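Below: one structure, written as structure tokens.
The values are calculated or read from the model by the stated rules, or taken from the named source; none is laboratory data. Because the structure is predicted, anything quoted here is derived from the model rather than measured. A quick note on method: Cβ atoms are made from the backbone with ideal geometry, for glycine too, and the neighbour counts reach across all protein chains shown.
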Amino acid sequence: MPGFSRRQFAKILGWTTLGLSGATGARGADAPADRRREITGAPPGFPDGFLWGTATSSYQIEGAVNEDGRGPSIWDLFARKPGAISDWSTGEVACDHYHRYREDVQLMKALGAKTYRFSIAWPRVFPDGTGTPNPKGLDFYDRLLDELLAGGIEPFATLYHWDLPQALQTRFGGWTSRDTSKAFADYSAYVAGRLSDRVKHFFTINECSRTVSLGHQYGSDAPGLKLPQAEVNQVRHHIALGHGLAVQAIRAQARAGTKVGPAENAVSCIPAIDTPANVRAAEIAMRELNAGYLTVMMEGKYTDAYLAQAGNDAPKFTPDDLRIISSPVDFVGLNIYMPDHYVVAADNGRGFTLAPFPASFPHMDAPWLRFGPETMYWTPRHVAKLWNVKSIYITENGTSGTDQVAADGGISDLDRVMYLRNYLAQLQRATSEGVPVHGYFLWSLLDNFEWSDGFEKRFGLYRVDFDTQRRTPKLSASFYRETIARNAVV
Ligand code: GCO
């Protein structure tokens, strides 16, 4: 290529320090941020100390549903209902992680991951939901934590990732009753008291919003209810209350320095075109459309518009409930997969309108999973700005794909690599502008039981053959290892 030095040429193509040298994987002191900028012109990557990890949840990977005194969860019963799961599977065995966790921690180490987000199965700890804890209920997590810490991987634990003890559903109607909010706080206090010697970060409830809508409104997730609107709103309130009570209970029981916050899939609102008026409109929309979740947790009140729209169906609550729900948190966890809305400023009393999606808007392997990487920039930016949040974790992000195993055994999941590269570039944009995102948990380490999609949707960096339980790294595992090693997307 006459006229260009190899380095200039690399810069034009956007190649990286590692691409130039042909090295694979090692970041080391020879690729500091300023050198990367000098060579590639790229932004300086992620902040030092950024926590890279993967995420999973108990019912989706553990299996062993009848071992060591575990009680049934609402998902055990729901998955057995004919037709509830598209391939008629259950999480009875899933990834058999309960027995293979040592191997799985090795997979995390092979990625160079610094952290891991997993969830604790409430029905292992309290098979009846409340009362006397199962003496063996935390043994598995004790072993897992020791293995993680020995491998230099920092554990982040979610207390509720939807596997409610069935006993509470039967006894109280689950989250339709505030007794479940209280039971959740008691369980959280017990777990935090026992595990906070090793777990320094707890997430209370994973995706309140999905458990409300799919579990209690549309019936496609456990417990499979289709409640009238007023009861749906009451369930939403009880779940938010459960979060707040758990925050307080953890603060009372855990060792000093333990941190706690929610892991929510906030409704994401993106300026349709990036103008100051649309950005402001997107912030207003973000606050309104999350009124029953993050907004009430952060502000301690339901917005006027939320209550007006709910009318007679508005949840019943006391001022004390709102104080509890808004107990101060140490961070906000955000599950970010797709853009929910593109927003345009409007002079309509609300301040915004939502632009309709054309049928041709791109999406990934699942119809719900729109491809809109900019949500990874705007969502944490809005959360930080609206509520002055000082610490954010991306608690989930990833995509399913139609992964195929080639004759040589390789899995060339280029669509997942493309998705991750673009979303992470937007996250890098956010952190380089000072949005306080401190870590990222890729969903997921392994292909797993994808709720009502059973094993038909695969989200893992590692393919799981569910007949043999063999794990095989996909191309995206190499991509993620490189990203972690460089602490940058280029
Ligand atoms: C959710 C859950 C995960 C899913 C993942 C992919 O957000 O639905 O937290 O359990 O498996 O999001 O759909």
Check E450, E433, E396 and return the single one that is more than 22 Å from R100 (Cα to Cα) and in contact with a helix residue (DSSP H, G or I) (Cβ under 9 Å, 6 or more places away or on another chain). E433
Give me the residue from region 305-340 that is within 16 Å of the ligand (Cβ to nearest atom) and not hydrophobic (A, V, I, L, M, F, W, C) and, out of that set, farthest from A291 (Cα to Cα). Y337
Quick one: S220 ticks every box in (1) under 26 Å from Y440 (Cα atoms); (2) in a loop (DSSP other than H, G, I, E, B); (3) within 15 Å of the ligand (Cβ to nearest atom) except a single one, so which number is it? (1)
Any residue at all in region 396-409 that is exposed (fewer than 13 other Cβ atoms within 10 Å of the Cβ), closer than 30 Å to D465 by Cα and within 16 Å of the ligand (Cβ to nearest atom)? yes
Return yes or no: is P328 part of a loop (DSSP other than H, G, I, E, B), modelled with pLDDT of 95 or more and buried (at least 21 other Cβ atoms within 10 Å of the Cβ)? no
Pairs, first without any contact (Cβ under 8 Å) to a residue 24 or more places away in the chain in region 399-419, second surrounded by 17 or more Cβ atoms within 10 Å (Cβ to Cβ) and outside any loop (DSSP other than H, G, I, E, B), C-beta under 8 Å, six or more apart: Q404/I411
Yes/no for A249 being crowded, with 23+ Cβ neighbours inside 10 Å and among the aliphatic types (A, V, I, L, M): yes
Any residue that is part of a loop (DSSP other than H, G, I, E, B), without any contact (Cβ under 8 Å) to a residue 12 or more places away in the chain and farther than 23 Å from S58 by Cα - is there at least one of those in region 431-443? yes
Six or more apart or on different chains, Cβ atoms under 6 Å: show the pairs whose first residue is in region 271-290 and closer than 15 Å to D304 by Cα and whose second is among the small types (G, A, S). I284/G351; E288/A305; N290/A266
Restrict the check to region 371-386 and report whether at least one residue is surrounded by fewer than 17 Cβ atoms within 10 Å (Cβ to Cβ), away from the ligand (no atom under 16 Å from the Cβ) and touching a residue at least 60 places away in the same chain (Cβ under 8 Å). yes
So which residues in region 433-460 are crowded, with 22+ Cβ neighbours inside 10 Å and more than 10 Å from the ligand (Cβ to nearest atom), if there are any at all? V437, G439, Y440, F441, L442, L445, L446, D447, R458, G460
